[in-house]
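These notes are about the structure you will find just below.
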Amino acid sequence: MSGTALKWIAVAAMILDHIAAYIPGAPFFLHWIGRLAAPLFMFCFAFSMQYTHDRTKFLVRLYVMSLIMGLVNFFVYLFYRSPYEIMTNNFFATLFLIGMCIVILEMIRDDPASGKRLFWVFAVFEGVSALICFMAGFVQPQLRLDLLIQGLVPNVFDTEGGI
């Protein structure tokens, strides 16, 4: 099976999962099918990272999409406020962080000194960005600035499938 076919299966599973999540009365088993989407997307992403010609462009595109989805989440929340549910669909941020981890692990393998420095810079950045998101939720909780910041500075604590 080709990577494109796997991506289309993942997209179909994701759509079924979103139907189950956002359409009242939709059958719950659609969530079960939808749970296939994330592992399939991650597999295709890891495979793509191995064979892409320009990882920097690849990661920049993921980051830009993460930022766009952060804006979408923020504006959807502004216009559709629910005290029971907050939409945080931004799998691009998760893929971006996975890509960064792949780059760091390969750098540690190839150049341990530089790789370890990059790891600690990344770890501190993740801690600071998580703290900023956490504090943004307290500054104006009704505005939910943290939804916007999560797209701007993705961190492992706030992404889909995070810690």
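The values are calculated or read from the model by the stated rules, or taken from the named source; none is laboratory data. Keep in mind it's a predicted model, so treat the numbers as computed, not measured. Using ideal geometry, Cβ is built from the backbone for each residue, glycine included, and neighbour counts are taken over all protein chains shown. Surface areas here come from the heavy atoms of the whole protein model, side chains and all, with no ligands, DNA or RNA. Shrake-Rupley method; radii C 1.70, N 1.55, O 1.52, S 1.80 Å.
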If T88 meets every condition in (1) open to solvent by less than 30 Å² (accessible area, probe 1.4 Å); (2) not in a helix (DSSP H, G or I) apart from one, which number is that one?
(1)
Are any residues in segment 94-144 in a helix (DSSP H, G or I) and farther than 19 Å from N155 by Cβ, and if so, which ones?
E106, M107, I108, R109, D110, P112, A113, S114, G115, K116, R117
In the set P39, P24, the lone residue that is of a type outside the set (G, A, S), exposed (fewer than 13 other Cβ atoms within 10 Å of the Cβ) and under 30 Å from I104 (Cα atoms) is P39
Number of positions in segment 125-156 that are modelled with pLDDT of 80 or more and open to solvent by 90 Å² or more (accessible area, probe 1.4 Å):
4
